[in-house]
Amino acid sequence: MARTDDVELVEVAGHTVRISSPSKPYFSRGVRLTKLDIVRYFLAVAPGALRGIVDRPVVLKRFVNGAEAEPFYQKRAPSDLPDWMRTVTLSFPSGRTADEVVVDEAAGLAWIVNLGCMELHPHPVRTGDLDHPDELRVDLDPQPGVGWNDVRAVAMEVKALLDELGLVAWPKTSGSRGIHINIRIEARWSFTEVRRAALALARAVEKRCSLASSKWWKEERHGIFLDYNQNAKDRTTCSAFSVRPLPDARVSTPLRWDEVMRCDPADFTVLTIPDRFAKIGDPHAAMDERAGVLDALLTMAERDEAEGLGDAPWPPHFRKMEGEPARVQPSKARSSGKSKRVVKAEGEEVDPATAPVAKKGRRQPTMPLIVVAQSSDKAAAEAGLERWKQQHYEAAALLAPDDVLLDRMRGSAYVWYRIRVNLRHVPETLRPSQDTPDPDDDPTRAWRGTKERP
C-alpha cells in the first residue's frame, strides 16, 4: 500500500484502487475503525463477500460519513467508474432505467467500499437474465421486544418446511436482530412468481408456528415478520459479509444450520470474522451448486388462492396489482359498505337496510393508533416517546413491546421517523387521545399543505 497526502493506494490483483480519506472514522461509539480498516476487512473476506454480489447489479448504499451518519442509496453508477469495472442497465417498476455497478473481482469490491458501501445490496438476478431471479430471500424481521431465541426458532421452522419441499436453505445473521435465509433457485420464474412463492412460504410458516407473522402492516404483525416483499422487483437486502451500522461493527454472517441454535450474532464483527473466515471458509460456498425449483411453493400459492386467500399488499412504490387488497393500513381502512349482511353480534344478523350507514370520507379505525412523536432525528423521536410514557404511565404500563411502532419514513431527499402507539391493550377509559406529537417535525406537512389548497 502506498500513501500520498490523504490517499492510500491499494494494489489488488493487478489493479490500483485509490482510497480517499483512509483515516476517516467509520465507527467510534463502540469499536474504533477507520475507512481503511473497513477496506482491509473486505479484502480479507473477499471470496465470501464476492460470492453474494458477483455478476449482479448492485445498489450502492453509501455511508460517506461513516456508520454513525445517515447513508443514502445510489442506483446509478458513478461517472468515474474505472475502465476495468462494468455496469448493466436495470429497469424499475416506475419505468425508469439506470446503469448499475457490477462487481466481479476484489478490486471492484475495494472500489465500492471506498465510496462508503459497507452494506452490499445486490439484486437477486445475474446480468445475463435480469428478469428471472436466481434467489428467493426469506427475511426474518423480529418485531420490538422479540428475542433472538424466537428468531432462531422461526428460522428452524422455515428450514423444516423447505426440507419437506426439497429446497436447500442457506442461513445467515442479518447483522442486526434477524436472520436471512437464501434459497438458490433456477432462473425460470419472474419476480412476481418468486414473490408469490415467498408469500406462500410466509403464510405456511405462520400456520405452523405461532411466533411467525406474514402480515404486511406493522399494526397487525407480531413476533417475527417474514417479509415476502423483499422478493419484489427492485428490492434488495444486504448480502453475506456486509457490515452493519451498529456500534460493534456487526457483520451479516453465513452460518451452518448446526450453528443457528447456538450462535450469538454479537460474536460476528469486523474484528472477528476475518479469523473465522480463514479457519472455516464460507459456509455458503456450495450455494450455486444447489439450485432448486419453486413448483411446490407455487402449488401452495394456488391452494391458498383457491381457499380465498389472495394476494397481499405490495410495497408502496409499486402500481396497484391485480388481485391485491386495498393498500391502506387497517386502522385507516374505509368501511366499504358493500357487505350483503351485517353481523351485529355473534350469531345475530341484521338487515343491512336498517344498519347505520357510514358517512363518506370518514375513516373507520380498526386499531386504536395514535402518533406520539415525529422528527428527522431518531433520538429526538425516541425521547418524545419516553416523555409520552411518563405523562401517560398507566396506559404505557399496559403496552406490549410490539404496540410501539417506529416507522422510518423516506422521501426523495430526506429521512424522518414517526412513532405510533397501538392502544389495543389499553381499556378505553384509560386511552390517551391523539394530541400534538412531541416533537412534531413532519417534513411532508408543507408539501401536503400546498397539495390541499384549492
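When the residues of segment 296-320 are narrowed to those that are free of Cβ contacts under 8 Å to residues at least 24 places away in the same chain and under 23 Å from Arg96 (Cα atoms), which ends up surrounded by the most Cβ atoms within 10 Å (Cβ to Cβ)?
Lys320
Go through segment 269-279 residue by residue and tally those that are surrounded by 12 or more Cβ atoms within 10 Å (Cβ to Cβ) and not in a loop (DSSP other than H, G, I, E, B).
So the answer is 5.
Going through segment 391-408 one residue at a time, which ones are of a type in the set (A, V, I, L, M, F, W, C) and either part of a loop (DSSP other than H, G, I, E, B) or closer than 12 Å to His425 by Cα (or both)?
Ala395, Ala396, Ala397, Leu398, Leu399, Ala400, Val404
Here is a list: Ala187, Ala198. Which entry is outside any loop (DSSP other than H, G, I, E, B), modelled with pLDDT of 95 or more and small (Gly, Ala, Ser)?
Ala198
Given the options Arg387, Arg420, name the one that is buried (at least 16 other Cβ atoms within 10 Å of the Cβ), modelled with pLDDT of 90 or more and outside the structural domain of Val146 (by TED's automatic domain parsing).
Answer to the check: Arg420.
Conditions tested, residue by residue: (1) out of contact with any helix residue (DSSP H, G or I) (no Cβ under 8 Å at 6 or more places or on another chain); (2) surrounded by fewer than 20 Cβ atoms within 10 Å (Cβ to Cβ); (3) at pLDDT 95 or above.
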site: Asp80; (1), (2), (3): yes, yes, no
site: Phe92; (1), (2), (3): yes, yes, no
site: Leu109; (1), (2), (3): no, no, yes
site: Val125; (1), (2), (3): yes, no, yes
site: Leu136; (1), (2), (3): no, no, yes
site: Gly147; (1), (2), (3): yes, yes, no
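Can you pull out the residues in segment 190-244 that are out of contact with any strand residue (DSSP E or B) (no Cβ under 8 Å at 6 or more places or on another chain) and within 27 Å of Ile273 (Cβ to Cβ)?
Hit for segment 190-244 is Arg235, nothing else.
Which condition from (1) part of a helix (DSSP H, G or I); (2) touching a strand residue (DSSP E or B) at 6+ places or on another chain (Cβ under 6 Å); (3) not β-branched (Val, Ile, Thr) is the one that Met156 breaks?
Unmet condition: (2).
Looking at (1) assigned to a helix (DSSP H, G or I); (2) in contact (Cβ under 8 Å) with a residue 12 or more places away in the chain, which is the one condition that is false for Lys207?
(2)
Could you grab me the full set of residues in segment 409-426 that are within 28 Å of Ala69 (Cβ to Cβ) and assigned to a loop (DSSP other than H, G, I, E, B)?
Answer for segment 409-426, where residues must be within 28 Å of Ala69 (Cβ to Cβ) and assigned to a loop (DSSP other than H, G, I, E, B): Gly411, Ser412, Ala413, Tyr414.
Here are some conditions: (1) more than 22 Å from Glu186 (Cβ to Cβ); (2) crowded, with 16+ Cβ neighbours inside 10 Å; (3) touching a Pro at 6+ places or on another chain (Cβ under 6 Å); (4) not acidic (Asp, Glu). Val251 meets all but one. Which one does it not meet?
For Val251, the failing item is (3).
The values are calculated or read from the model by the stated rules, or taken from the named source; none is laboratory data. What you see is a predicted model; the values in this text were computed from it and never measured. We place every Cβ from the backbone using ideal geometry, glycine too, and count neighbours over all the protein chains shown.
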